[in-house]
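**Q** Below is a structure I'd like to ask you about.
The values are calculated or read from the model by the stated rules, or taken from the named source; none is laboratory data. Keep in mind it's a predicted model, so treat the numbers as computed, not measured. Glycine gets a Cβ as well: all are built from the backbone with ideal geometry, and neighbour counts include every protein chain shown.
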Amino acid sequence: MSHEIDIDKHVRTYLFVFGSLLALTFITVGISYLHLSVVPAIGLALAVATVKGSLVACYFMHLLSERKLIYAVMLLTVLFFFFVLLGPLVTETNPIEL
Amino acid sequence: MEDTHHEEHHHEELGFWRKYVFSVDHKVIGIQYAITGLLFLFFGFCLMMLMRWQLAFPGRALPIIGGLFGDSRMPSGVMLPEFYNQLGAMHGTIMVFLGVVPLGVGGFGNFVVPLQIGAPDMAFPRLNMASYWSFFLGGVTMLVSFFVPGGAAQAGWTAYPPLAETTPAPGQALWLIGMVFLITSSLLGSVNFITTIIQLRAKGLSFMRLPFFVWSQLVTAFLLLLAFPPLEAAGFMQLMDIVAGTSFFLPSGLVVSGQALEVAGGGSPILWQHLFWFLAHPEVYVLILPALGIVSEIVANNTRKPLWGYKSLVYSVVFLGFMSFIVWAHHMFITGMGTVMSSFFQTTTMIISIPSVVILTVLLLSLWGGSIRFNTPMLFALAFLPMFAIGGLTGLPLGLSSTDIHLHDTYYVIGHFHYVVAPGSIFALFAGIYYWYPKATGRKMSELLGKLHFWPSFICMNFIFFPMLIQGMAGLNRRMYDGGASYAHAQPVLHLNGVISAAAWIMALAQVFFVINFFRSLKKGERVGTNPWQATTLEWAAPSPPPHGNFATEPTVYRGPYEYSVPGAAQDFSPQFNPDGGSLSENQTA
Amino acid sequence: MSAAAIPYTVEPRPDSGLNNVKIGIWLFLASEVMLFGALFAGYILLRVGAETWPRGAEFLSVPWATTNTVVLISSSVTMVLAWAALMKKNFSRYKLFMGLTVLAGFGFLGIKYIEYTSKFHHGYFPSTNTFLSIYFLMTGLHALHVIGGMVVNAYFWGPGSKMWKTHPQQFINRVEIAGLFWHFVDLVWIFLFPILYLL
């Protein structure tokens, strides 16, 4: 997969990602002290968390340079993740019309 | 597995325990799964036969064995309602999670898949062993739960709260713990199956040359992998409700038997239903897909012609697997769902019936023009087709919310899904046992005993489940302890309870032929060579029974899985593993 | 262990480009995604159905949780540095970073312990309300994952690292796999932190 020569470059990337994750952590905590109303607060917090999560997945878990098969499996999983995450909510908030 | 090179030379000296009990050989594990699964099937069947007594003769003492169950279950032989509920809940749980799935996936999947793809074993043999033992622990937990105070779980295999959380806690808690073991087992198994099928296919065995059974197991493994975890999460929540006093599924202001429950409340019983059915609908396909795989193998082999439309089969099963994740709420039409979402789930439910029909049509049309061999496996496989069709078609009215409102929770539902699973899946599993028994033991099972097993089972099955459809349409509720005797509207269909029960007990007698056949054939069955059915797939290239490691030399695959009666070939089957189109004769049985 | 060698345990299969364990761990992580997905679904449905829902800070300590986030992120970076050290064949550096990863795991659990006990002292239990129920369930299950990851990491730091001498490539693969799990645990926490503590 990765060649030995690239490793130093990798390490620099890891440290950069580490710094970004720390910064984003403090940003999201900072935002929470602003006491925004619920919708923007949730939107911002989830946006920051998604960026952080993507950084971990792409760089620490090497997802950026992974094989197609893994992408296929994870794509399917993410799709079903949203089904289970939102299916109950959408179903329960859909009013009964008579 | 990593130290193979060092250990290769002394693998013969495995002791009894490592060879037969804590084995890592996929064939031994498969047989362990199959036998445990068969025992649980029998046990679950016994629970149901007890229930059938109460339904046919409500309140009457069970003769002879009735006194054996103790005063907490059947005082002087008369069944208590609580015990009836335990039997119902555990019958469902055991049949689904400890019987059919372990036999279809754990048993046949483990035994056949590596052989059919030409692999020496599963990709992770030790994980495979862990999967079996986790399943075993789950089974033991379920059995133990009968003997704790208050008895086993009483809230049905669906374990709906708040009922599940207001019946005696020990049994329900053990049910949940047992489920966690079973889910862990499925998880380990499915990771193993998918990896094995992707990585260990023999040279030349492309995906479109895979036997359909392998495809069905691949899709099944994905269903288990991705659908089971939500139930595990829900199981933890219910366990917390029971053990730690949380209210995940308990709404505020809940009153049970005239008393307000002392919990914080604020929970949602519907949440359980969503997470449960997110698993349990795909689970239905976990029950049926391996069965379809087995039937396809046997139909192709015994019609002596290629399956009509192999590609449609494959695309259908993949589509079916995908769709099975977005139909779950059709089990919940009467929970007060809005019309938009109800329409959505009705639509997806109607869509998912299309691939099922395609698969059934492919199998049916494959019979056309074949010179069919009516041996025991083929009889079971042929019976599967109309039985599964009845099961499938009776499901359509349940998938449409307006008709579902009338039929929901009646015996119609029981009749419907049993047609899919009992004369459907279980017949296919019997077919598989008769078909692969020679591979596992080197001997054939008796044809005569096989037919004595088949015909009464086939007839009784229909006398058990068809009357239930009639009772259900008359409005007979499925959970009544007295079989509906106290309900005026049920009177016209009550006489059917006796018919159903009698058919169930007669069917039990027919299984005696199977048990005799199974054990007798181990010693007295006709000896067979590697390929007794003149079949084309790779498992028939290995010796019967295959040794540890399966194949003497790594097989190479030259063609598709079902090349029967190829024009110009020397014989009517061209095995995948023969380089020159089947003129090479394997050492068949005489 | 088995009579015939199972292919592709170490080297990748040409057509998939992957070895068995790599596929295995990603499939396992896929099921983990679904497990936590269902818990998040439960959180959403309970929250939407609740008359009032507390801000996390009313019950929980944001400073401790922020510290724990930093600890877990740091352990993720030491984990990946441990792997990088092996790739450069620097075993002592690997031991250092893997050791730090395990220590960070202990740090995380220690802080978790402080948090839990302070909740109990204030009389906050899982049964108090649905917010605390889901808080204890999600963080508890996450903590179990942390413990699982630490056991694996500690094994590869200690007795398991003997394999470096005999099968170096396989050992690197194993550390990478352990890392994938550990990063996933970190990833879950990245989402748990805002939804439980900050919103």
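**Q** Out of the residues in the stretch C:10-43 meeting the condition of being surrounded by fewer than 18 Cβ atoms within 10 Å (Cβ to Cβ) and at the interface with another protein chain (Cβ under 7 Å from one of its Cβ atoms), tell me which one is modelled with the lowest pLDDT.
**A** Of everything passing the filter in the stretch C:10-43, C:Gly17 is modelled with the lowest pLDDT.
This table checks each residue for (1) outside any loop (DSSP other than H, G, I, E, B); (2) in contact (Cβ under 8 Å) with a residue 40 or more places away in the chain; (3) away from chain B (no Cβ under 14 Å).
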position: C:Ser76; (1), (2), (3): yes, yes, yes
position: C:Trp83; (1), (2), (3): yes, yes, yes
position: C:Leu100; (1), (2), (3): yes, no, yes
position: C:Phe106; (1), (2), (3): yes, yes, yes
position: C:Tyr116; (1), (2), (3): yes, no, no
position: C:Ser127; (1), (2), (3): no, no, no
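**Q** Confirm whether B:Gly189 is surrounded by fewer than 17 Cβ atoms within 10 Å (Cβ to Cβ) and either part of a helix (DSSP H, G or I) or at pLDDT below 95 (or both).
**A** No.
**Q** Which condition from (1) surrounded by fewer than 19 Cβ atoms within 10 Å (Cβ to Cβ); (2) within 21 Å of B:Leu292 (Cα to Cα) is the one that B:Tyr435 breaks?
**A** Just one mismatch for B:Tyr435, condition (1).
**Q** So, B:Leu379, is that one closer than 22 Å to B:Ser316 by Cβ, out of contact with any Cys (no Cβ under 8 Å at 6 or more places or on another chain) and touching a residue at least 12 places away in the same chain (Cβ under 8 Å) or not?
**A** The answer is no for B:Leu379.
**Q** Can you pull out the residues in the stretch B:273-288 that are closer than 16 Å to B:Phe248 by Cβ and surrounded by 24 or more Cβ atoms within 10 Å (Cβ to Cβ)?
**A** B:His274, B:Leu275, B:Phe276, B:Phe278
**Q** Now for a different question. Does B:Ile516 satisfy the condition of being out of contact with any Ser or Thr (no Cβ under 6 Å at 6 or more places or on another chain), within 30 Å of B:Lys444 (Cβ to Cβ) and either in contact (Cβ under 8 Å) with a residue 12 or more places away in the chain or in a helix (DSSP H, G or I) (or both)?
**A** Here the answer is yes, as B:Ile516 does meet what is asked.
**Q** Taking A:Leu22 and the conditions (1) more than 8 Å from every other protein chain (Cβ to nearest Cβ); (2) over 30 Å from B:Leu271 (Cα atoms); (3) surrounded by fewer than 19 Cβ atoms within 10 Å (Cβ to Cβ), which numbered condition does it fall short on, given that it satisfies the others?
**A** (1)
**Q** Residues being of a type outside the set (A, V, I, L, M), farther than 17 Å from B:Val144 by Cβ and in a helix (DSSP H, G or I): count how many of those fall in the stretch B:67-90.
**A** Count: 9.
**Q** Here's another thing I want to ask about it. Can you go through B:Ala422, B:Ala389 and tell me which one is modelled with pLDDT under 95 and of a type in the set (A, V, I, L, M, F, W, C)?
**A** Residue meeting the stated conditions: B:Ala422.
**Q** Within the stretch A:77-88, track down each residue that is within 21 Å of the chain's Cα centre (by Cα) and surrounded by 17 or more Cβ atoms within 10 Å (Cβ to Cβ).
**A** Scanning the stretch A:77-88 gives A:Thr77, A:Phe80, A:Phe81, A:Phe83, A:Val84, A:Leu85, A:Gly87.
**Q** Then there's this: Taking the conditions exactly as written (β-branched (Val, Ile, Thr) and either within 17 Å of C:Gly140 (Cα to Cα) or away from chain B (no Cβ under 14 Å) (or both)), does C:Val48 satisfy them or not?
**A** The answer is no for C:Val48.
**Q** Quick one: would you say B:Leu115 is hydrophobic (A, V, I, L, M, F, W, C), under 21 Å from B:Pro229 (Cβ atoms) and not in a loop (DSSP other than H, G, I, E, B)?
**A** So B:Leu115 does not fit the description; no.
**Q** Check the stretch C:38-59 and report whether any residue there is more than 30 Å from B:Leu275 (Cβ to Cβ), assigned to a helix (DSSP H, G or I) and among the basic types (Lys, Arg).
**A** No, every residue in the stretch C:38-59 fails to be more than 30 Å from B:Leu275 (Cβ to Cβ), assigned to a helix (DSSP H, G or I) and among the basic types (Lys, Arg).
**Q** Further question on the same structure: Give the residues of the stretch A:25-36 that are facing chain C (nearest Cβ under 9 Å), surrounded by fewer than 20 Cβ atoms within 10 Å (Cβ to Cβ) and without any contact (Cβ under 8 Å) to a residue 12 or more places away in the chain, sorted by residue number.
**A** Listed by number, the residues that qualify are A:Phe26, A:Tyr33, A:His35.
**Q** Return only the number of the condition from (1) under 30 Å from B:Ser186 (Cβ atoms); (2) surrounded by fewer than 20 Cβ atoms within 10 Å (Cβ to Cβ) that C:Ala50 does not satisfy.
**A** Of everything listed in (1) under 30 Å from B:Ser186 (Cβ atoms); (2) surrounded by fewer than 20 Cβ atoms within 10 Å (Cβ to Cβ), C:Ala50 misses just condition (1).
**Q** Can you tell which of B:Phe124, B:Phe135, B:Phe146 is of a type outside the set (S, T, N, Q), in contact (Cβ under 8 Å) with a residue 24 or more places away in the chain and surrounded by fewer than 18 Cβ atoms within 10 Å (Cβ to Cβ)?
**A** Residue meeting the stated conditions: B:Phe146.
**Q** Would you mention how many residues in the stretch B:217-252 are at the interface with chain C (Cβ under 9 Å from one of its Cβ atoms), of a type in the set (A, V, I, L, M) and more than 30 Å from B:Gly104 (Cβ to Cβ)?
**A** 2
**Q** Any chance the stretch B:522-539 includes a residue that's out of contact with any Asp or Glu (no Cβ under 7 Å at 6 or more places or on another chain), closer than 24 Å to B:Gly293 by Cβ, of a type in the set (Gly, Ala, Ser) and outside any loop (DSSP other than H, G, I, E, B)?
**A** No; the residues of the stretch B:522-539 include none that is out of contact with any Asp or Glu (no Cβ under 7 Å at 6 or more places or on another chain), closer than 24 Å to B:Gly293 by Cβ, of a type in the set (Gly, Ala, Ser) and outside any loop (DSSP other than H, G, I, E, B).
**Q** Also, I was wondering about something else. How many residues does the stretch A:49-98 contain that are within 12 Å of chain B (Cβ to nearest Cβ) and in a loop (DSSP other than H, G, I, E, B)?
**A** 6
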